[in-house]
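**Student:** So that we are looking at the same thing, I have put the structure below in structure tokens.
The values are calculated or read from the model by the stated rules, or taken from the named source; none is laboratory data. None of these values were measured; they are calculated from a predicted model. Cβ placement follows ideal geometry from the backbone for every residue including glycine, while neighbour counts extend to all protein chains displayed. For accessibility, only protein heavy atoms count, side chains too; no ligands or nucleic acids. Shrake-Rupley method; radii C 1.70, N 1.55, O 1.52, S 1.80 Å.
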Amino acid sequence: MTENLELNGIPLESLPPMLLRATSYGHFTSMQVRDGRVRGLAQHLDRLDRSSRELFGQGLSADRVLSVLRAALDRAWSVDVSVRISAFVLPRAETRRAETLQPEPDLLVTVSDPIAPTSTPPRLLAFEHERPVPHLKHTGTFSLTYYARQARLASYDDALFYDRSGNVSEASIWNICFARAGRIIWPEAAVLPGITMLTLQAGLEAVGVARETVPVPLSTIADYDAAYLTNSIDSALPVASITTPAGTTQYKSDPASAELIARAYAAVPLDVI
């Protein structure tokens with residue numbers, strides 16, 4: 001696998017220890033770049049700015065992010081790549097007074113080979129779990145990896161989460177939506193607002209389908225025709241089944257909702273970086 005790392009626009013040949021320590025408190029955004037373009041670029045930039053303001057007290061300007069991103073892409077080996085932009089604060093030699101001067105976030109851009117969409121509908125195992133600070137795409141991903149691994153050890157493909165009220169929230173690295181009779185339902189819960197989820201919601205509105213976000217109790221998932229996972233890699237990955245403490249719900253192929261979601265995704269144009 002080919003991979004390039006650039007810290008504040010400077011290529012890195014190795015990961016210094018201080019970088020490994022600093023990245024434990026930070027946030028990131030990931031995107032699949034095709035022909036130098038990506039969907040939801042403005043939303044990626046907004047996510048980085050808002051998250052930096054919350055975590056570090058200082059935002060990230062779109063100009064700065066685009067500058068380091070474009071430089072990294074200019075040095076890439078292809079116009080089709082995967083990109084991760086991470087923000088954190090490296091230890092500084094000088095002493096800073098936090099109340100008078102906030103540190104400027106550092107940016108690590110990782111460019112790697114493009115990732116193909118998942119080819120097989122996954123079987124999900126449900127766990128009661130609520131991520132800390134779920135509205136941020138932060139680097140605290142231990143629990144996500146842990147539950148995904150537990151699902152695989154139990155012979156499933158990945159983990160689905162439900163909260164203490166018994167309502168579906170999200171999957172390990174995906175948002176989830178459900179389809180029924182031409183409607184797309186998004187769970188109302190504390191979740192990360194994924195860029196692809198936001199893109200699909202905008203696309204659905206563009207094709208005349210109103211956004212619906214309602215609680216989805218785990219006990220009602222069999223009432224839906226289909227379920228789909230969404231992230232930067234998979235815009236609408238059909239779910240094969242969901243296993244809960246009450247049993248397993250199997251989903252059949254639902255061409256109508258699949259076509260609707262595909263049409264909504266295509267309705268949002270790619271942005272040139």
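**Student:** Using the per-residue mean of other Cβ atoms lying within 10 Å as a proxy for protection, in what order, highest first, do the peptides 258-264, 166-172, 138-144 fall?
**Tutor:** In decreasing order of mean packing, 258-264, 166-172, 138-144 become 166-172, 258-264, 138-144.
**Student:** Then there's this: I need the phi-derived Karplus couplings for the stretch 52-68: 6.51 cos²θ - 1.76 cosθ + 1.60, θ = phi - 60°, integer Hz, Gly and Pro marked x.
**Tutor:** Result, rounded to whole Hz: 5, 4, 6, 7, 10, x, 8, x, 10, 6, 4, 4, 5, 4, 5, 4, 6.
**Student:** Please give the calculated 222 nm ellipticity per residue for the chain, where each DSSP H segment of at least 4 residues contributes -39500 (n - 2.57) and the sum is spread over every residue; nearest 500 deg cm²/dmol?
**Tutor:** The per-residue figure over the chain is -8000 deg cm²/dmol.
**Student:** Further question on the same structure: Using a 1.4 Å probe on the protein chains only, how many percent of the accessible area of the chain belongs to carbon and sulfur?
**Tutor:** The value for the chain is 53 percent carbon and sulfur by accessible area.
**Student:** Taking the Cα centre of the stretch 124-174 as the origin and placing charges on Cβ (Lys, Arg +1; Asp, Glu -1), which of ALA159, GLY140, SER172 is farthest toward the positive end of the dipole?
**Tutor:** Most positive-ward Cα: GLY140.
**Student:** If you stretched the chain out fully between ASP74 and ARG152, how much longer would it get, using 0.36 nm times the residue separation minus the C-alpha to C-alpha distance?
**Tutor:** Result: 24.3 nm gained on full extension.
**Student:** Take ARG50 and HIS135, extend 7 Å from each Cα along the Cα→Cβ direction, and tell me the distance between the two endpoints in nm.
**Tutor:** 0.7
**Student:** Follow-up question, since we're still on this one. So what is the relative contact order of the chain, in percent, for Cα pairs below 8 Å that sit 6 or more residues apart?
**Tutor:** Averaging sequence separation for qualifying contacts and normalising by length gives 20 percent for the chain.
**Student:** Any idea what angle helix 195-206 forms with the longest principal axis of the chain, computed on alpha-carbon atoms, 0 to 90 degrees, nearest 10?
**Tutor:** Roughly 60 degrees, rounded to the nearest 10.
**Student:** Additional query: If packing is taken as the average count of other Cβ atoms within 10 Å, what order do 69-76, 184-191 fall into, highest mean first?
**Tutor:** Highest-to-lowest ranking by the protection proxy: 184-191, 69-76.
**Student:** Here is a further query. Going 7 Å from the Cα of GLU205 toward and past its Cβ, which residues in the stretch 30-72 have a backbone nitrogen under 20 Å from where you end up?
**Tutor:** The answer is 39-48, 50, whose backbone nitrogens lie closer than 20 Å to the label point.
**Student:** Choose one of ASN4, ALA236, PRO105: the residue whose Cα lies farthest towards the positive end of the charge dipole of the chain (beta-carbon charges +1 Lys, Arg; -1 Asp, Glu; about the Cα centre).
**Tutor:** Farthest along the dipole direction, towards plus: PRO105.
**Student:** Suppose accessible area is computed on protein heavy atoms with a 1.4 Å probe; arrange TYR146, TYR156 from highest to lowest.
**Tutor:** TYR146, TYR156
**Student:** Between ILE115 and SER219, what is the label-point separation in nm under the 7 Å Cα-to-beta-carbon projection?
**Tutor:** Placing both labels 7 Å along Cα→Cβ, they lie 3.6 nm apart.
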